[in-house]
Protein chains: 2
Amino acid sequence: MKKRVTLKQIARELEVSVSTVSKALKNSEEISRDTKDKIQAFAKLYNYRPNNIALSLKNKNTKNIGVIIPDIVHHFFTTVFRGIEQYAGKKGYNVMICVSDESFEKEVLNMELLANGSVDGFILSLSAETQERNDYNHIKEVLGQGIPVVLFDRVSKDVLCDKVILNDQEIAYEAVKVMIGSGKTKIALVTTENYFNVSSNRAQGFEKAIRDANLAFDENLILTLPYQSEGDELIRDFFESNTIDAVLCVNEIFAIKCMDVVQRQGKRVPEDISFIGFTNGILSKYSTPRLSTVAQHGERMGETAAKLLIDRIENDVDDNFRTEVISGTLIQRDSTIN
Amino acid sequence: MKKRVTLKQIARELEVSVSTVSKALKNSEEISRDTKDKIQAFAKLYNYRPNNIALSLKNKNTKNIGVIIPDIVHHFFTTVFRGIEQYAGKKGYNVMICVSDESFEKEVLNMELLANGSVDGFILSLSAETQERNDYNHIKEVLGQGIPVVLFDRVSKDVLCDKVILNDQEIAYEAVKVMIGSGKTKIALVTTENYFNVSSNRAQGFEKAIRDANLAFDENLILTLPYQSEGDELIRDFFESNTIDAVLCVNEIFAIKCMDVVQRQGKRVPEDISFIGFTNGILSKYSTPRLSTVAQHGERMGETAAKLLIDRIENDVDDNFRTEVISGTLIQRDSTIN
C-alpha cells in the first residue's frame, strides 16, 4: 500500500531544505508565496500529514492516558474503564487500554510501550502474576521517570503512588453480618489466592464478622479457586463435602457457578443456602435466583482514578500520595433472605 | 513530579552539542572516553531514556496495532480482542484498544489519534452511529495514507478494505429452521436497527427461513430495540400483545431479558416459547433455562483479522481486498426443544 510522504521526501523532491518545507507548511512569512504554494500543493497531493507524536514530543503533553487492566471479560474492569473515559473525556484526554491478561510480562511490556512518550500517565490494576511475584520495579521505574501512576482495586503497599480502593474488609464484614442476621451459621468464603490484596482484605472482614458473632471459624469453609482454572470440579467437591448454609463469593462469576452447582445438588437458594457475591454486573441481575451482591461502583472508582491522575499531570502536586476509598453497597436480591 | 531529562537539557547542562550527547549515549567511537563517561553518568543520574516513539518514526514500523471497538461490555467484542491479541502477540505486535462507545465522533477521534504514527494498522468494528450516518471518510482517509485497516463484524460495503464477517444470514436461517422443525410456527425476531449490517443480514435469513417453510411472515413479530435504551418496557408490551411461540434474538442480552419477561408472564421456556440468541457468552451458559445460541467464534474472528492486517503491514500485498467469512455454530441448550 501507499506510504505517507515525509518532510524529507518533499524536500528532496522539490530540491529545498527540510526546514523550508516545515516552515512552508506552517505558512511562515520567511518563505516566499511561490515556494509555499508549490510545497503546500505537493504535500496535499501526496497526503502529507504532520506527525502528532513528533508534535507532542515538543509540547510535552500527549493528552493521552494509558490504562492497563488484567482482563476485559470481568464486568468490574469494564465499568471502571467507563468511569475513566467519562472523566478523561471531559478534561480533553484520550484513553488507550492495554490488557495484561493477568501476565506479569505483558504488564511490563505494555507499560514500557506506553511510557516512551505515548501517554502522560497511567491508571493500572495489577495482574495476578504481578501480585504473586510481588515485583513492582516496572511501576517504580515509570514513577522515577516522572510519569504519574494511579493504582486501583488491585494495589500494593510497596508502590508509592495515588490509589483508589474499595473498603473491601468493611463491606465483606457487613455482608457476612447480614447472612448471620438471617440465621445462617455455617458460612463459607469462595475466593482467589491471598496474594490478591482485595481477596486478602475480604477474607479478613469475613473472619472478623464470624468471630464477632461468636460463631466457630472453620478454615475448611474457605475455598480458594486458582485464577487460571474453571474450578468446576473444586466447587462440586467443596459443596458435597461440607455443610454450608451461606456463601460469600469474591466475584459474581464464582457466585453464579456455585449457585448453579448447589441447585443441581437439590438445594434451595436462599432457604437452604444463601449467596452474596461481589460485582453488581449483568450476570447478577439475570441469574436464577437473582444474586445479592456488593456493588463496587466501578464507574465512580474510574472517575476518581482519572481525577487523581489528571490532577497530578496538570498541577505540580507534591509527593504526598493520596488513597481514595470507595464504599461498596450491599444490594439484596433473591439469593439472600430479607 | 520530576520530568524526564531530554538530550537538549543534558547538552545545555554539560555545554556540549546535542549530537555529542546522542553519540556518547550510543557509545560512539567519535567521542572521547572522558566525555562519554561524563555524559553517560549524567544521563543515568537524571533518568534519561531514549524515546522509543522517536526511534520508531525512524524505523517506520511501530509494531503496534490499534483496535477500535464499539464497547467492551459485550462478551463478543472481548473475545474478538482476545483472538487479535493472541495472534498479534505471536507475531511480536502490541495491541492498543480504544472504545468508540457507539459514537461516531469518538471513533473518528480515536482513529486520528492513533493514525498519527502510533500504530501500523487498524482493526475496527463500526460504531452504531457510524453505521447510522453511513459516513466512512475517516476510514477512507486513513486507508488513503497507506495505513491498512481490517473491518470485522460490523462492516460496510462502502469501505474497500479487508474484512472478517460472520455468515449471519445463513446461520440465522439455520436457527429459525431448527425452531420450525420442533413445531413452532409463530416465530419472532428481536433485533437492533437495520443500519447494523449484521442485524439486516440476520433479518434476511430469518425471513427466508419462514417463507421457505410456507409459514406466514408477519412484520409485527419483529421487535426493533433502540441501541441506547434498556428496552424493558418495549419487550413487555411486545410479548403481551402478540402470540409468539419462538424467538430469535440478535444478541444474548436481548435473549436473557426476553426470557426473563416471558417467564414472569407465566410462560414456560421452551415448551410455550423457545429462544435462540447470538453470542455464546457466559450469560448464555448460566441463564435459566440455559440459552441455545449461535457461537460467533469471536476468537477465531479476531485471529483472522489480525492475520489479514499483519500480512498487509509486512508484505507488499496488492489491492485485492479479501473478505473472510466465519461460520457460526448453533449450540442447543435448554431454551429450545431438541
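Every read-out reported here was derived from the displayed coordinates using simple, explicitly stated rules and does not represent laboratory data. Not measured: the values here are computed from a predicted model. In this analysis, Cβ positions are derived from the backbone assuming ideal geometry, glycine residues included, and neighbour counts consider all displayed protein chains.
Some points to look at:
- Complete set of residues in the stretch A:296-306 that are crowded, with 20+ Cβ neighbours inside 10 Å and not in a loop (DSSP other than H, G, I, E, B): A:G298, A:M301, A:G302, A:E303, A:T304, A:A305, A:A306
- Taking the criterion of being part of a strand (DSSP E or B) and under 23 Å from A:N116 (Cβ atoms), the residues of the stretch B:66-98 that qualify are B:G66, B:V67, B:I68, B:N94, B:V95, B:M96, B:I97, B:C98.
- The residue of the stretch A:172-195 that is farthest from A:S274 (Cα to Cα), among those that are β-branched (V, I, T) and buried (at least 22 other Cβ atoms within 10 Å of the Cβ), is A:T191.
- For the stretch B:309-338, filtering for residues that are among the aliphatic types (A, V, I, L, M) and part of a loop (DSSP other than H, G, I, E, B) leaves 2.
- Residue satisfying all of: in the stretch B:136-156; in contact (Cβ under 8 Å) with a residue 24 or more places away in the chain and in a loop (DSSP other than H, G, I, E, B); nearest to B:V325 (Cα to Cα) among these: B:D153
- Residues located in the stretch B:80-111, provided they are out of contact with any strand residue (DSSP E or B) (no Cβ under 9 Å at 6 or more places or on another chain), of a type outside the set (A, V, I, L, M) and more than 8 Å from chain A (Cβ to nearest Cβ): B:G83, B:Q86, B:Y87, B:K90, B:K91, B:G92, B:E102, B:S103, B:F104, B:E105
- Of residues in the stretch B:112-126 being under 16 Å from the mean Cα position of the chain (by Cα) and not aliphatic (A, V, I, L, M), the one nearest to the other protein chains (Cβ to nearest Cβ): B:G121
- Residues of the stretch B:318-338 that are surrounded by fewer than 16 Cβ atoms within 10 Å (Cβ to Cβ) and among the charged types (D, E, K, R): B:D318, B:D319, B:R322.
- Considering the stretch B:272-295, and only residues there that are in a loop (DSSP other than H, G, I, E, B) and not small (G, A, S), the residue that is nearest to the other protein chains (Cβ to nearest Cβ) turns out to be B:T288.
- Taking the criterion of being within 14 Å of chain A (Cβ to nearest Cβ), in contact with a Ser or Thr (Cβ under 7 Å, 6 or more places away or on another chain) and not charged (D, E, K, R), the residues of the stretch B:226-271 that qualify are B:N251, B:I256, B:M259, B:V269.
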